Amino acid sequence: MSMSRPGAVPRVPTPPRGEQIASYATYLEAQKAVDFLSDNKFAVELVTIVGTDLKMVERVTGRLTYGRVALAGAASGAWFGLFVGILLYLFSEQGGFVLTAIAIGAGFGLLFSVLSYALTRGRRDFTSQSQIVASAYGILCAPERSGEARQLLARMPDGAGGVRAPAAPANPSWGTPGAPTPPTSPGATAPQPPATPPPAAPARTPDPRWTTPTGEPRYGAMRPTSDQPALRSERVSAYGS
């Protein structure tokens, strides 16, 4: 049986668990809140700081030239030469090795840096630093101690330590309840809209050649039995026979 302490970091990437007790706009505010809990003897191993809406920010620090490249390479090589020179001095007790090692290291560092920069052919003529930042930093706590943690943060100076409501997600669809969808069985089909009845045929106006003004058929007149050209007709008497 394996034993693990509550605040142990999992060996594989695992989503954080717990109730969110506070949310801050900057990491320094979240760090200050956790430090306040620690100062008040709270079990901070039950607390997790979670950054949401992560972004990779690359800040440009300056323009890169051959002079800056050569100077940086010589400085790094000199430090490495100093380390090697000190090791040689400890084993041989000859101080001249230190200065020689510094000079050789600076020369090789300058040479390698300039050659490496020349091979880039000017595709990256600037220096920068990259950071992963978040839009909001939430503090999660184990559910059994979340109430106590909230009470401690409420006593934090400067307006309850800057506690504010959790930030809204970057994607508005996340966490937004939608309209309930009626359950459907696997074999059921989606409901179809009601069929629209066909339009009614327009009323036919009686032909005055076959009828009288009152609507009665004329005596001895012949009328077709269908809308197509009549192949046969019948005689209609005035008495309807």
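Each value in this text was obtained by applying a stated rule to the coordinates, not by laboratory testing. Just so we're clear, the structure is a prediction, and the values are computed from it rather than from any experiment. Using ideal geometry, Cβ is built from the backbone for each residue, glycine included, and neighbour counts are taken over all protein chains shown.
Points to keep in mind about this one:
- Between the residues Thr61, Leu119, Leu87, the greatest Cα displacement towards the positive end of the dipole of segment 1-136, with unit charges on the Cβ of Lys, Arg, Asp and Glu, is found for Leu119.
- Computed from point charges on the beta carbon alone (+1 for Lys and Arg, -1 for Asp and Glu), the dipole magnitude for segment 1-153 about its Cα centre is near 520 Debye.
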